Amino acid sequence: MAAKITPHLISLAYDAALKSFWRKNALKKFLRECHVSEAHISTWANEESKRDFLDRTFNSLQRSDRGKAVIYQLAVFLADQTSFPDLLNWEDSTTKLTDAKVSVNELKKYLSKQNEEIKSEQEKEAAKIRARDEKTKVQRALTDKTKLDERLKLLHPHIGTQKGGYDFQDWFFDLLDFAEITNRRPYVSNGRQIDGSLTLEGTTYLVELKFTASQSGSTDIDSLKAKVESKADNTMGIMLSISGYSSVAITEASGRRTPILLIDAPHIYLYLIGSMKFDEILMRIRRHASQTGESYLPANNFSG
């Protein structure tokens, strides 16, 4: 059976591979089974994310007919999945499994449609020629930074509204997913609404999101502190206020052994423009808090 290695097929296979495997070792095992060379897999550096490695892998495979055949085999194997063992036993396994199943079903439907279209030997030969001549780049279906930036701009007219707040909440956790930071979306704990959480370098941070036109004040800080103090000793809090903070709020959040980190819009844009990874931004503020007791480090002071 001839395969049309189209940009859309590449994008669907990429998305399915990204969402079907959460651990790097599981993804490595799958790629070996699909005959991606061990020489290439061995170039995966510890600090390189799954997303970046898959970008390199798919771009490399597109450069040869053999590589395109591997892409097609990847697509077929991904589409044949009926279970996702690597996505089990996570706090957000339900979300991960749902996303993976949707992605795999889209790939399966596309392959089925493509197979129906290739009926004659002439069509098969034409497909091979198109596959050899086609020069494509992976068009990732998953949200990228440009799309995140565009979505955030569309949210700004709705700042201060309930719908705007909920949409901003979804946007922020999509950002964490894109940055490959382990997170949990909003939940209720002991009767308190938690906007979500993220885990970084062994520390869990409760998340508080403020999508308001006015600056966050001391009462907002007190609310997050109360939530943090009711949890385990290694729990901290991160507040993201799109409009920043009053000086009183910053003072209230800071102090000896402060459990709160404060971020605002400039920190978000520092990530969106590609200056720093998002986990690096959070750890830079964490380091500043540890050294000074100050919960807030303006983005324009990061060089200091």
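The values are calculated or read from the model by the stated rules, or taken from the named source; none is laboratory data. For clarity, every value in this text was computed on a predicted model and none was experimentally measured. When we count neighbours, we look across all protein chains shown, and the Cβ atoms used for this are built from the backbone with ideal geometry, even at glycine. SASA here: full protein model, heavy atoms, side chains in, ligands and nucleic acids out. Shrake-Rupley method; radii C 1.70, N 1.55, O 1.52, S 1.80 Å.
Here are a few things to note about the model shown:
- Every test in (1) in a helix (DSSP H, G or I); (2) within 17 Å of the chain's Cα centre (by Cα) is passed by GLY274 save one, and that test is (1).
- Selection from the range 222-266 of residues that are touching a residue at least 60 places away in the same chain (Cβ under 8 Å) and assigned to a strand (DSSP E or B): LEU240
- Any hit, the range 130-142, residues being at pLDDT 75 or above, open to solvent by 60 Å² or more (accessible area, probe 1.4 Å) and within 23 Å of the chain's Cα centre (by Cα): no
- When residues of the range 100-115 are limited to those that are surrounded by fewer than 19 Cβ atoms within 10 Å (Cβ to Cβ) and more than 14 Å from HIS8 (Cβ to Cβ), the one farthest from the chain's Cα centre (by Cα): ASN115
- Boolean, GLU294 is under 21 Å from the mean Cα position of the chain (by Cα), surrounded by fewer than 19 Cβ atoms within 10 Å (Cβ to Cβ) and of a type outside the set (A, V, I, L, M): no
- The set of residues in the range 145-177 that are within 24 Å of ASN59 (Cα to Cα) and either at pLDDT 90 or above or surrounded by 13 or more Cβ atoms within 10 Å (Cβ to Cβ) (or both) comprises LYS145, LYS147, LEU148, LEU175, ASP177.
- Pairs with Cβ under 9 Å, 6+ apart, first in the range 156-180 and within 21 Å of SER214 (Cα to Cα), second open to solvent by 60 Å² or more (accessible area, probe 1.4 Å) and of a type in the set (Lys, Arg): ASP167/ARG151; GLN169/ARG185; ASP170/ARG185; TRP171/ARG151
- Residue tally, condition surrounded by fewer than 17 Cβ atoms within 10 Å (Cβ to Cβ) and β-branched (Val, Ile, Thr), over the range 182-197: 2
- Top-ranked residue of the range 17-51 - restricted to ones that are touching a residue at least 24 places away in the same chain (Cβ under 8 Å), assigned to a helix (DSSP H, G or I) and not aliphatic (A, V, I, L, M), ranked as surrounded by the fewest Cβ atoms within 10 Å (Cβ to Cβ): GLU33
- Selection from the range 198-221 of residues that are small (Gly, Ala, Ser), part of a strand (DSSP E or B) and either at pLDDT below 95 or open to solvent by 10 Å² or more (accessible area, probe 1.4 Å) (or both): none
To keep it simple, each residue is scored yes or no on (1) hydrophobic (A, V, I, L, M, F, W, C); (2) within 30 Å of PHE21 (Cβ to Cβ); (3) in contact with a strand residue (DSSP E or B) (Cβ under 9 Å, 6 or more places away or on another chain).
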| site | (1), (2), (3) |
| --- | --- |
| PHE168 | yes, yes, yes |
| ALA179 | yes, yes, no |
| SER197 | no, yes, yes |
| MET236 | yes, yes, yes |
| LEU240 | yes, yes, yes |
| GLY244 | no, no, yes |
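- The single residue among SER223, SER189, SER216 that is at negative phi and touching a helix residue (DSSP H, G or I) at 6+ places or on another chain (Cβ under 6 Å) turns out to be SER216.
- Note on the range 224-279: among residues that are farther than 14 Å from GLU294 by Cβ and among the polar types (S, T, N, Q), the one that is least open to solvent (accessible area, probe 1.4 Å) is SER241.
- Considering residues of the range 52-86 that are touching an Asp or Glu at 6+ places or on another chain (Cβ under 9 Å) and in contact (Cβ under 8 Å) with a residue 40 or more places away in the chain only, the residue surrounded by the most Cβ atoms within 10 Å (Cβ to Cβ): LYS68
- Selection from the range 280-291 of residues that are of a type outside the set (Gly, Ala, Ser) and open to solvent by 50 Å² or more (accessible area, probe 1.4 Å): GLU280, ARG286, ARG287, GLN291
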